[in-house]
Structures are given as C-alpha cells and as structure tokens.
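**Q** Sharing a structure with you now.
The values are calculated or read from the model by the stated rules, or taken from the named source; none is laboratory data. Predicted model only: the values in this text are computed from it and were never measured. So basically every Cβ, Gly included, is an ideal-geometry build from the backbone, and we count neighbours across all protein chains shown.
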Amino acid sequence: MSGKEDIALISHLMRRAGFGASRQELEERAAKGYEATVEELLHPEEQPAIDDDMLYRYLPGYEGALGPPINQAEWVYRMVNTQRPLEEKLALFWHQLFATGNSKVDNPPEITQQIAMFRRQALGSFRDLLVELAKNPAMIWWLDNNGNHNGAINENWGRELLELFSMGVGNYSEDDIKDASRAFTGWTIEPKIPRNPLGRFYWNFEYRPEDHDDGEKNFLGHSGRFNGEDIIDIVVKQPATAKFLARHLYNFFVADEPQVPSWNINPPNDPDAIDQLVAAYDESDGSLQAMMRLLFNSDFFKNARFARVKSPAELVVSTVRLAGSYQGPRPGFNMLAMECNWQGQELLNPPSVESWHTGGEWIDGGALVRRVNFAAGLLGDTSLPGVKTIIAKLRESGVSAPEEFVDACLDIVGPLEFSESTRSELLDQANEDGGLNWDSEENSEKSERNIGVMLALIAASRDFQFA
Amino acid sequence: MTATKKDPVVVILQLTGANDILNTIIPYTNGHYYDNRPKVVIPQDTVLPIDDTLAFNPQLAPLKNMYDDGNMAIIHGIGFENSPRSHFRAMDIWHTCEPEIVGTEGWVAKVVRDLDPQGENVVKCVNIGQGLPRALALRGVPITSVSNLETYGVMSSVPGISGEEERNRLLDRFARMYAPAIGTGATMDFLGQTGRDALKGADIIKSAPANYTSTIEYADNPIAKSLRDVARVHTANLGTQIFYTAHGPFDTHFNQPPMHTRLWGEVSGAITDFFDDLREHDASDNVVMMIFTEFGRRVRDNGTGTDHGAGGGAFIIGDMVKGGMYGTYPSLAPEDLNQGDLDPNYDFRGFYSSVVDQWLGLDPVPIVGGKFEQIQFV
C-alpha cells in the first residue's frame, strides 16, 4: 500500500504528463514507483496504440474526418482513451506551440495528419521534429511556404520558424529571416488535387530543386549555400533555442508563465529550472525525451502542484476520464469537442499562429460558466461509472463524519489540495447535509446524493480550475 | 443619432454557412441567372418583385412586407477584396475586421467596450447561442453568453438537483466559494471576480423570462427561440445594447432548394414575429437588426446545390431604418465574374461603420480599422 504522499505525487504526474488517472491506476503506478512510471511514460512505444481499425469500424467518420467537429472529436477520443498519455499530451503541447489552424488550411484531414506526426516525433530530437514540421503540408500551406520562390521569397515560414517555433524575438536579424527564407525556397507541396467532385485529397511534400535558391547565404554568423535542413541545424544549436523550448515546456508542464509575446521582456519565474532544462537539451543533443525525463524527476516539477490553469482540453478530457463515461467508441465525442470550443479552445483551429493565450487567460465569463457546469454536471452525476466507483470506495472506507467525508472526497478525486476558504465552504455544506451513513436503504440513497452534491461543488470550485 | 431617448440597441444575426444571395434577392429578369442556374433556381413566376430587375424569394414574403413598409434596407454586393472561399477564414475577417492578418479581437466586443468602458453592466452585450463567436472576444470585456434563457446560470446542470430551494442553496454556496479570499493569489482573485460577475449576469437575466408576456406565438425552431430570448431580455430593460445570435447552416452544397427554403422560412417568420413582439411592448423604435453572412455562393449551380462564392448581401431591419436598396447588385455577365463568383463592390466595414456611427453614435474608425464608405440608412 502506497503512502498518501506517493499517491499525491503520482496524481500530479499523471495530470501533467497525461489527462489524469483513476484512483486505481494511481495506486498501481505508485506501487511501481515514481521513477519507473516516468520511464514508462517516456516510452510510449511499449504501450498499445489506439486500435484504429476498431475505432473506424465503430466511428467510420473519424477516418480522414472531413471537418469540425468530427476531426476534433477524433482527437478528443484519443486523449480520453489513450494508453500512451505522455505521447498524447505532447501532441497537444506541439499543437499549441506550432499552432496550425483550419481557418486557413481548410483541409481538416491534413491537420489531423500533422497531429499524428507530432505523436511520432513527440519524444525524439527537436531537430528532427523541426525538419518534419518544415516538410509538413499543412504547415507549408498555413505559413505560405508554397509561395516562397527562388528570386521572390515569402518570409512567413522563415520568420515564424525563428520567432514562434525556435528562438523567440530579439535573437536574430531581419537579414537572418531573409536568408533563412531563401534556404527554404523549393520546399513546397505537390499540386493539390481539386476537391470537386471526389472530395478532399491529402497533400504531399515536394522539393523542387529548380525553384530552390542555391546561392550563398549568411545566417546567424554562418555562411554557405544553405538548404532548409542546414538552417535548422544551425537553429537547434543556438542557446536561445534551448532556452525558448525549455520555457515552453515549463509553461505547459510545470507552472504558468507570463504570456509568450512578453518573454523577451519578462524573465522566467524560475530561471534555475530553465537552466536545468537547457543543460539537459545541450547534453543530449536536443533530445526531447531527455528534457522530459529531467523535468518530471526534478524538484521544481514535483513542487509545482496546482500551479497551472487547466486548458479547456485538459479540463474536458480529465473530467470525462474521472467520470469514466467515455471509454471506448460511443456516440458523444462530438459534444466533447464542441465543449472544448465553447470553453475557448477550438482544437485544430487555434485563433492564430501565435496560438492560444494560456494560464489565467483561458478564463472569461462565458468560459467559466461552461467549465463549472460541464465539470459539476459530470462529477455530480451518480449514475456514471467513475462516480459510482468513487461512491463505492467512500462506502468501503467507512468514513461518516462530515469533515472526514469532505476530506475523503478531496482525496479520492485527486488528491486535491484546496484553499482553506473553499474547504470550509465544502465543510459547511457537509455539516448541513450530514455525513455518510449506509445502514439503511434510505440513508444510503441520501449518502449517495450527498456525495453527488459534494463532488459537484468540488468540480465547480475555483480550485478545480487548476492542474 | 437616434431620435429616441432610449439607448440604441443592435441585434446582430449571423447567417452561418454562406447564404446564396442569388436565390434570396433574385435577379429575376436576368438571362445570366437562368443560364447559370439550371437546377438550383427560384421559378420566375413565384418570385416577389421589388422592381424590374430584382425580386424577393417567396420565402421572404414576411420580410417583403417590412420592406414595403420602408423598414428594411438591402445592401448589395457586400464583401471584401480577395474574398477567401473558406468559411472559417471569411468568418474571421467579418468578426475581426482584419482581412490581411489573422486577427483575434472582435469588432463587436470593441463596440461594447466603447459603450461601457468600465464594464459596469455585465449584460451590456448578450450572446444567445453556444460559445462566444470571435466577434465578441476581447480581454476584459464581459459578455453574457446564454444558450438557454430558462436554465441559464451556474450549477444549472447538476443532476438530481430539483426545485428552486435546493438550487438556490447550491448557488449560495457557489457565491461563497467565489467570495474574495485573502492570500490566494492573482489568478484565484480573477477567477473569483469572473465567477461573481457570471452570477450577477445570471441573476439579472433571470428576471427577463419571469416578467415577459406576449401574444406573439413564435414558431418552434432555433432562430425563433433565439429571437424570442432577445425579445425577452430586451423588453426587461436590463441595459443590453448589443445582442448577437446566429442561424444556419446555409452551407448548401447539396440539395439546396428544400434546405434554403426551410431556413429562410424560419428566418423570415422569426424576424417578423420578433418585431411584432417588440411593437406590442412599445420597444421597437430603438432597435435595428443587422443580418450578414460570410460570403455568397457560386453563380453556376453544381446540379443540386451551390459551392462557395463571394459577394453576399446584407440587411438592416427596424422601424427607424430608411428602407430601400443600397449599392449596386453585382453583374452576372460572364466577363464581370471573378473566378465564377460575383465580384463584391462594397466593403463590409462600411456597413459596420454605418451602424456604429449613425446608430450607436460611436467613432467607427478604431473599431473597424479605418474609414469606409457608409450607407445613410437612418
């Protein structure tokens, strides 16, 4: 039997490295140990992938899903049902970093392909990921590299590669952008097959040597007849790149940072943590797996519980996983995808290449009402399998007095660490309603109801907005 | 400016999915129309002529009456240059007034900020629908978003909670959980404020259905329901000046005739019921309704429907509106088409500017991002 602190730590890990886990899974993982669990997460290839054949048999629209919300639902399905939590969480991380939107791409299956690429490259080298990204058809179209020609450059991709995807503003000159763009001339997509009358077709990367500017380039102090991969090779060796990536990982996995556009002015909240991540990057030649290993095993991570506001995707998926109501193929994933949209995160269609603002900026009046109602509606529903399991565990545990009851609820759905002010409101509720009592059918019914209300209040609280 | 002492109110109706303007305001005496529309055509003997060249679709008969009463303005050829054929991109442009870059700040939210700079009235702008459209998105501007007026509010979805008393108990508990607490941090404070604003909005809005009675019986469809909700909130005098709602899908690639017919039947009926309702409450003279869609549809039909085009149409309806037609209906002559589509000749930001300037009395330039030709509709 693992101690309470072990469970709390594993619970923290699974909220961040995945989308939360049931109490049973937490106990199993705690028994294996924290570091062993981290290693397992870092090797998704050892766990079964989602069975696509089975999925498409039940939900045929998911294969090559033609548009929102089905393409979004397809992803939400994977987030809810994955046995490779870190791989899926990293796919979301890369989507938020390399934000590509259907608003312009207008080919939903192509963006789904990009997410699949993120899964494959999630824990490899940052260099390889950037090369794949540069060749990704959705990205080429999104940032106009198909319009980047020898003798007539389009700087969109070249600029965002440096500004948003690797180094951050202030670390390169306009001339660097121009020559980086020249190096990516000829990186385009094959002519698109018209949509009508047969529907959408996938796009393919194409390198056209005749449209590539093979001349001498000057880039970040290096000179040569660089091609795109040479530019990426130089980019990934820049100290600014390691630092920028480290800060993004910190912001997504550890604790909310100021909004990205202010990073050249606002220093990191924990510079030492960034230094450690940078060192892991440098020592491993830019291995994402090495960075994640350092991150999850660090004290700065372990001590950062509930230091991030959940994104809508995190809130929706983790609550659904807790309620146990969407296991396996079944109808309803479209609604979960729409729920993410309504809470302010339209998956596969970020507002711009600068992506969503995160942290406290996920919250506005409309979003908060939806978050509260969605989570309270699920956790307060005593007919759902996950909630039934919670009720059974509470019954088994023998808790009865109001205060024990509140603390047992907070423990079993987390363990959650709530502010004293919220906890005292929960306690007032329990004192008014009474604790748990299972000695008659009537009392058992009342106890179940009390648990439903308590879980709904927990889900509705401010504290629940944090992961 | 308005001639009335009441605050001016704007109801924005978005026709989502791209309405086929050619089959809405029909060039019924133009041979090119019939040449291009062998299948997806409104028969000439059924249209409701406005003049020698243009006619209403018969489904718009109720709106034709409003037009004949001088309460409806039709704006021809609206759109923007290089109109993208993507719904998402085009709608973004309509929502943010940013045709060149991907914008994130909603033009309507900027209007709301100018109407209520301190954000004192959390129901200054009410969205009837699911989720906020980007037009309403702007940091620090509170917008109340209502999907169902009857059940609107926090803690509205907890199963097993029935009865007013029990629900009020939960709401009280929610209010106390979101009360100011010392030393919990900036984000917790912000969450608290947002939660309390949401409760306040719900409390204010709750009074609307309770005090509303009407002899108007709206039809049973989403747009009728939404406009009835607008009427209920508007007649409750809560200080709401901007309403936003949407209806669709107008994306009629396949089997257009029955779908387009049904949608316009619903929209026309709902709008007339809405204005009749307001008149019954003596609450119509400070309201205008703006109707827009992201773009028009391809001039030539595809056999059963129409594909994405450009150059749509827009409408302004209301008792104070100077009715009639504004602008020029784009030419259907093959040499005038742009990639097979109508060529828009009037920038949508002029349409917005007209309402912002002439109806709301605000400076439209910072809201729509420049000076654009207005129509004199008031």
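**Q** From A:273, A:279, A:304, grab the single residue that is in a helix (DSSP H, G or I), modelled with pLDDT of 95 or more and surrounded by 19 or more Cβ atoms within 10 Å (Cβ to Cβ).
**A** Of the residues listed, the single one that is in a helix (DSSP H, G or I), modelled with pLDDT of 95 or more and surrounded by 19 or more Cβ atoms within 10 Å (Cβ to Cβ) is A:273.
**Q** Shifting gears a bit: Can you tell me which residue is farthest from residue B:357 (Cα to Cα) among those in segment B:84-136 that are aliphatic (A, V, I, L, M), in contact with a Lys or Arg (Cβ under 8 Å, 6 or more places away or on another chain) and in a loop (DSSP other than H, G, I, E, B)?
**A** B:102
**Q** OK, next. Within segment B:149-190, count every residue that is more than 7 Å from every other protein chain (Cβ to nearest Cβ), under 31 Å from the mean Cα position of the chain (by Cα), surrounded by 13 or more Cβ atoms within 10 Å (Cβ to Cβ) and of a type outside the set (Ser, Thr, Tyr).
**A** Residues in segment B:149-190 being more than 7 Å from every other protein chain (Cβ to nearest Cβ), under 31 Å from the mean Cα position of the chain (by Cα), surrounded by 13 or more Cβ atoms within 10 Å (Cβ to Cβ) and of a type outside the set (Ser, Thr, Tyr): 2 in total.
**Q** Quick one: residue B:40 ticks every box in (1) closer than 24 Å to residue B:226 by Cβ; (2) surrounded by 18 or more Cβ atoms within 10 Å (Cβ to Cβ) except a single one, so which number is it?
**A** (1)
**Q** Yes or no: residue B:112 within 30 Å of residue B:15 (Cα to Cα) and either buried (at least 18 other Cβ atoms within 10 Å of the Cβ) or at pLDDT below 90 (or both)?
**A** yes
**Q** Follow-up question, since we're still on this one. Between a residue in segment A:90-106 that is more than 15 Å from residue A:17 (Cα to Cα) and away from chain B (no Cβ under 14 Å) and any residue that is crowded, with 21+ Cβ neighbours inside 10 Å and of a type in the set (Val, Ile, Thr), which pairs come within a Cβ distance under 8 Å, given they are 6 or more apart or on different chains?
**A** Between residues of segment A:90-106 that are more than 15 Å from residue A:17 (Cα to Cα) and away from chain B (no Cβ under 14 Å) and residues that are crowded, with 21+ Cβ neighbours inside 10 Å and of a type in the set (Val, Ile, Thr), the close pairs are A:95/A:115.
Residues checked against (1) in a loop (DSSP other than H, G, I, E, B); (2) more than 10 Å from chain B (Cβ to nearest Cβ):
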residue: A:322; (1), (2): no, yes
residue: A:325; (1), (2): yes, yes
residue: A:336; (1), (2): no, yes
residue: A:348; (1), (2): yes, yes
residue: A:352; (1), (2): yes, no
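**Q** Would you mention how many residues in segment B:123-142 are within 10 Å of another protein chain (Cβ to nearest Cβ) and β-branched (Val, Ile, Thr)?
**A** Summing the residues that are within 10 Å of another protein chain (Cβ to nearest Cβ) and β-branched (Val, Ile, Thr) in segment B:123-142 gives 1.
**Q** Which of the residues belonging to segment B:164-197 are over 18 Å from residue A:380 (Cα atoms) and of a type in the set (Lys, Arg)?
**A** Listed by number, the residues that qualify are B:176, B:196.
**Q** Out of curiosity, is residue A:295 among the aliphatic types (A, V, I, L, M), more than 30 Å from residue B:192 (Cβ to Cβ), surrounded by 22 or more Cβ atoms within 10 Å (Cβ to Cβ) and out of contact with any strand residue (DSSP E or B) (no Cβ under 6 Å at 6 or more places or on another chain)?
**A** It is true that residue A:295 is among the aliphatic types (A, V, I, L, M), more than 30 Å from residue B:192 (Cβ to Cβ), surrounded by 22 or more Cβ atoms within 10 Å (Cβ to Cβ) and out of contact with any strand residue (DSSP E or B) (no Cβ under 6 Å at 6 or more places or on another chain).
**Q** Does residue B:18 satisfy being part of a loop (DSSP other than H, G, I, E, B) and either within 24 Å of the chain's Cα centre (by Cα) or surrounded by 23 or more Cβ atoms within 10 Å (Cβ to Cβ) (or both)?
**A** yes
**Q** Could you please find all residues in segment B:329-378 being farther than 30 Å from residue B:242 by Cβ and surrounded by fewer than 21 Cβ atoms within 10 Å (Cβ to Cβ)?
**A** B:331, B:332, B:333, B:334, B:335, B:336, B:338, B:339, B:340, B:343
**Q** Of the residues that sit in segment B:191-219 and are of a type in the set (Gly, Ala, Ser) and without any contact (Cβ under 8 Å) to a residue 24 or more places away in the chain, which one is nearest to the other protein chains (Cβ to nearest Cβ)?
**A** Applying the filter and picking the extreme gives B:192.
**Q** Can you tell me which of (1) within 8 Å of another protein chain (Cβ to nearest Cβ); (2) at pLDDT 95 or above is the one residue A:363 doesn't meet?
**A** (2)
**Q** Any residue that is surrounded by fewer than 18 Cβ atoms within 10 Å (Cβ to Cβ) and without any contact (Cβ under 8 Å) to a residue 24 or more places away in the chain - is there at least one of those in segment A:237-253?
**A** Yes - at least one qualifying residue is present in segment A:237-253.
For (1) of a type in the set (Lys, Arg); (2) within 15 Å of the chain's Cα centre (by Cα); (3) within 24 Å of residue A:352 (Cβ to Cβ), each residue gets a yes or a no:
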position	(1), (2), (3)
A:58	no, no, no
A:81	no, yes, no
A:91	no, yes, yes
A:110	no, no, yes
A:141	no, no, yes
A:144	no, no, yes
A:150	no, no, no
A:153	no, no, yes
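**Q** Only one residue in B:208, B:224 is in a helix (DSSP H, G or I), among the small types (Gly, Ala, Ser) and farther than 27 Å from residue A:364 by Cα, so which one is that?
**A** B:224
**Q** Something else now. Which members of segment A:2-56 meet the condition of being free of Cβ contacts under 8 Å to residues at least 24 places away in the same chain and at positive phi?
**A** A:33
**Q** Applying the selection to segment A:74-88, what residues are hydrophobic (A, V, I, L, M, F, W, C) and crowded, with 24+ Cβ neighbours inside 10 Å?
**A** If the condition is that a residue be hydrophobic (A, V, I, L, M, F, W, C) and crowded, with 24+ Cβ neighbours inside 10 Å, then A:75, A:76, A:79, A:86 are the ones that fit.
**Q** Has segment B:323-333 got at least one residue that is without any contact (Cβ under 8 Å) to a residue 60 or more places away in the chain and either closer than 19 Å to residue B:51 by Cα or under 23 Å from the mean Cα position of the chain (by Cα) (or both)?
**A** Looking for residues that are without any contact (Cβ under 8 Å) to a residue 60 or more places away in the chain and either closer than 19 Å to residue B:51 by Cα or under 23 Å from the mean Cα position of the chain (by Cα) (or both), one finds at least one in segment B:323-333, hence yes.
**Q** May I ask you to list pairs of residues, at least six apart or on different chains, whose Cβ atoms are under 6 Å apart, with the first in segment A:334-357 being crowded, with 19+ Cβ neighbours inside 10 Å and the second being modelled with pLDDT of 95 or more and of a type in the set (Val, Ile, Thr)?
**A** Every condition considered, the pairs that remain are A:336/A:76; A:336/A:316; A:337/A:76; A:339/A:316; A:340/A:316; A:348/A:111.
**Q** Looking at this structure, is residue A:128 in a helix (DSSP H, G or I), among the acidic types (Asp, Glu), over 21 Å from the mean Cα position of the chain (by Cα) and at pLDDT 95 or above?
**A** no
**Q** Just one of (1) at pLDDT 95 or above; (2) of a type outside the set (A, V, I, L, M, F, W, C); (3) closer than 19 Å to residue B:146 by Cα; (4) within 14 Å of the chain's Cα centre (by Cα) trips up residue B:234, so point out which.
**A** (4)
**Q** Moving on. State whether the residues of segment A:380-398 include one that is within 9 Å of chain B (Cβ to nearest Cβ) and either crowded, with 22+ Cβ neighbours inside 10 Å or of a type in the set (Lys, Arg) (or both).
**A** yes
**Q** Another question about this same structure. Can you run down the residue pairs with Cβ atoms below 7 Å, 6 or more apart or on separate chains, where the first is in segment B:109-132 and within 21 Å of residue B:232 (Cβ to Cβ) and the partner is at pLDDT below 95 and basic (Lys, Arg)?
**A** Close Cβ pairs (under 7 Å, with a partner that is at pLDDT below 95 and basic (Lys, Arg)) amount to B:122/B:200.
**Q** Here are some conditions: (1) under 24 Å from residue A:280 (Cα atoms); (2) in a helix (DSSP H, G or I); (3) at pLDDT below 95. Residue A:92 meets all but one. Which one does it not meet?
**A** All conditions are met except number (3).
**Q** Which residue out of B:80, B:56 is in contact (Cβ under 8 Å) with a residue 60 or more places away in the chain, aromatic (Phe, Trp, Tyr) and touching a helix residue (DSSP H, G or I) at 6+ places or on another chain (Cβ under 7 Å)?
**A** B:80
**Q** Look through segment B:155-186, keep the residues that are part of a helix (DSSP H, G or I) and of a type in the set (A, V, I, L, M, F, W, C), and return whichever of them is farthest from residue B:206 (Cα to Cα).
**A** Selected residue: B:186.
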